[in-house]
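Enquirer: Please read through the structure below; I'll follow up with questions.
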Amino acid sequence: MNKYLIAPSIVSADFLELKSAIAACESAGADWLHVDVMDGHFVPNLTMGPFLVETFQRATKLPLDVHLMIEQPERYLEGFAKAGASHLTVHVETCPHLHRTLQHIKSLGCKAGVTLNPGTPVSAIEPVLHLADIVLVMSVNPGFSGQAFLPETVGKVSHLRALLQVLNPAAWIEVDGGISAETLPKMKDAGANVFVAASAVFHHPEGIEAGIKALRDSINQFPPNRTRNI
Ligand code: DX5
Ligand code: ZN
């Protein structure tokens with residue numbers, strides 16, 4: 001498995017061409033398929049439910065990374081797990097019993113993810129970091145693709161990486177929102193290792209493969225601000 005993972009967010013694909021969009025992600029070397037679930041309450045938009053997750057799992061072997069931007073996510077965990085979700089990520093802002101919710105996700109056989117909005121401090125999830133397989137840092141306010149990256153979230157990733165070094169070094173740090181070939185290296189340098197991207201993949205002017213390649217190249221590029229050691 002790659003050390004740095006790319007997770008295209010299918011929400012920005014052309015849904016009339018879903019099968020070929022997923023195939024293009026696979027052939028370009030995407031690692032996970034990110035599925036943005038929105039309920040029109042927690043976030044001001046409506047998207048997908050278990051029905052589409054079940055459809056995606058028939059189209060791909062990629063792990064389905066399901067991001068639940070919904071109120072009372074515990075009501076739907078089993079449905080998404082049965083539909084074929086590999087990872088279930090919940091927002092701390094929606095989970096009064098976050099510890100129990102993460103345990104519940106694991107009991108369903110899924111990787112457990114926790115996430116927080118740009119306005120929520122890392123301290124809100126610190127007590128459950130040892131339980132999380134994935135910690136997702138939102139780098140936009142959730143609800144829509146195509147928003148501008150919030151640079152103040154870079155410091156949050158560094159803070160989190162330092163905490164996880166002690167509490168749970170195996171956890172992935174995933175970042176989501178405004179990730180492009182320009183912003184990705186900043187998040188990588190801060191300690192992120194999974195990069196979600198919707199617009200940068202599905203709205204790339206040269207197509208999905210080119211979008212993924214540009215992100216992969218930005219992961220592999222030598223940091224411009226450091227001198228090379230030959
Ligand atoms: C934000 C979603 C993201 C979003 C990313 O509400 O969780 O996954 O679709 O879109 P881009 O990459 O266009 O910012
Ligand atoms: Zn997302």
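The values are calculated or read from the model by the stated rules, or taken from the named source; none is laboratory data. Just so we're clear, the structure is a prediction, and the values are computed from it rather than from any experiment. Cβ placement follows ideal geometry from the backbone for every residue including glycine, while neighbour counts extend to all protein chains displayed.
Enquirer: Evaluate the following for T153: is it buried (at least 18 other Cβ atoms within 10 Å of the Cβ) and of a type in the set (S, T, Y)?
Expert: For T153, the condition - buried (at least 18 other Cβ atoms within 10 Å of the Cβ) and of a type in the set (S, T, Y) - is met.
Enquirer: Here is a list: A171, A197. Which entry is within 12 Å of ligand 1 (Cβ to nearest atom) and either β-branched (V, I, T) or in contact with a strand residue (DSSP E or B) (Cβ under 7 Å, 6 or more places away or on another chain) (or both)?
Expert: Going through A171, A197 in turn, just one is within 12 Å of ligand 1 (Cβ to nearest atom) and either β-branched (V, I, T) or in contact with a strand residue (DSSP E or B) (Cβ under 7 Å, 6 or more places away or on another chain) (or both): A197.
Enquirer: Please find, among L164, L136, the residue that is within 10 Å of ligand 1 (Cβ to nearest atom), modelled with pLDDT of 95 or more and crowded, with 19+ Cβ neighbours inside 10 Å.
Expert: After applying the criteria, what remains is L136.
Enquirer: In region 144-182, how many residues are touching a Phe, Trp or Tyr at 6+ places or on another chain (Cβ under 9 Å) and within 16 Å of ligand 2 (Cβ to nearest atom)? Please lay out each step first, then the result.
Expert: Quick first cut of region 144-182, residues touching a Phe, Trp or Tyr at 6+ places or on another chain (Cβ under 9 Å) only: 145, 174-180, 182.
Keeping just the survivors that are within 16 Å of ligand 2 (Cβ to nearest atom) gives 145, 174-180.
Qualifying residue count, region 144-182: 8.
Enquirer: As an exercise: evaluate N117 against (1) under 20 Å from L33 (Cβ atoms); (2) within 14 Å of ligand 2 (Cβ to nearest atom) and give the number of the one condition it does not meet.
Expert: (1)
Enquirer: Which residues, taken from region 85-110, are touching a helix residue (DSSP H, G or I) at 6+ places or on another chain (Cβ under 7 Å), in a helix (DSSP H, G or I) and in contact (Cβ under 8 Å) with a residue 40 or more places away in the chain?
Expert: T94
Enquirer: Being modelled with pLDDT under 95, more than 10 Å from ligand 1 (Cβ to nearest atom) and surrounded by fewer than 14 Cβ atoms within 10 Å (Cβ to Cβ) is true for just one of P205, P224. Which residue is that?
Expert: P224
Enquirer: Right, here's the next one. Could you check how many residues of region 91-115 are within 16 Å of ligand 1 (Cβ to nearest atom) and either under 10 Å from V66 (Cβ atoms) or in contact with a His (Cβ under 7 Å, 6 or more places away or on another chain) (or both)?
Expert: The initial filter retains those residues of region 91-115 that are within 16 Å of ligand 1 (Cβ to nearest atom), namely 91-94, 113-115.
Okay, now just the ones that are also either under 10 Å from V66 (Cβ atoms) or in contact with a His (Cβ under 7 Å, 6 or more places away or on another chain) (or both), so 113, 115.
Qualifying residue count for the region: 2.
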